[in-house]
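Worksheet for the structure shown next.
Bear in mind these aren't lab numbers, they're just calculated from the coordinates by the rules spelled out. The model shown is predicted, which means the values in this text are computed figures rather than measured ones. Note that we place each Cβ from the backbone using ideal geometry, even for glycine, and neighbour counts take in every protein chain shown.
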Amino acid sequence: QGRGRRRRRVAPLAVSPPPASERGEEPLLRGIFEIGKRSCDVVLSARRLRWSPIVPESPAGGTGREEIIEMKDVFSVKLKRRRFVGQKKGGTLLGITIFKCLHKEENKLTDCAVHLNNLSEDHCNSWFRHLKEILNGFQNRPKSLKVFVNPSSHKREATHVYYEKVAPLFKLADIKTDIIRIFIDFVFCVGGDGSVSEVAHGLLLKAQIDAGKGTDYIPAPVRASVPLGVIPAGEAKQYCYILSVICFKSLWHIL
């Protein structure tokens, strides 16, 4: 009875894609590095770098407590080399250094480095390429910046703060910078009452902060060091008219 009948082809089962929570978790590389003087089993995925110390005394050769770095928190990766004094290129390869951001406080960040030590050139170069590809895949990260530095800001320490603390981090992250130094002798506002009030408030607030005073209650505020000029150009100009004498004096000072 079964002769002459065509066999039906069974379609292969469709493989459903992994859930969104697991995407990017597929291991890209796995290897052994020395981290903090301990041999560690290191696994790299598109989202995370995970490692755990290898415990030789374990019967199954297991691992210890796992540590994780989110790749979104990594801002730079460099090959680590030992160089002699004055040597700028080459040197003995020691491994890979990963630089990441840490949330020190609610609105403050700090940086730290994690060293993955391995003397194999091929091993480190392969990992370095994969790490760089992941970092380059973050499209929202800037490749170049225009930086405005006010040399008079914060007791004239802004330039020192930038070149000593900020610029090295931009260099580590391979971000090109164009520095513009701003020397402000005068602030001029063209607008109505709201604009004038905001600018005046900002100048006074900066003066109190630079003087080391609190900003919640200021019975005797410090005078702003930068003069404010006003040209009334809004719908409501009551505040501007009150300051009309100052406005004309400011304009005359500039001209």
Too long for a 19 Å Cα-Cα cut-off, among 78/132; 108/176; 146/171; 37/88; 100/165, are 108/176; 37/88
To the nearest 0.05, the calculated FRET efficiency linking residue 178 and residue 37 through their beta-carbon distance, R0 being 45 Å, is 0.60
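Between residue 84 and residue 186, what is the FRET efficiency for a Förster distance of 41 Å, r being their Cβ-Cβ separation, to the nearest 0.05?
With a Förster radius of 41 Å, E is 0.20.
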Assertion target for 217, 162, ordered by fewest C-beta neighbours within 10 angstrom first, is 217, 162
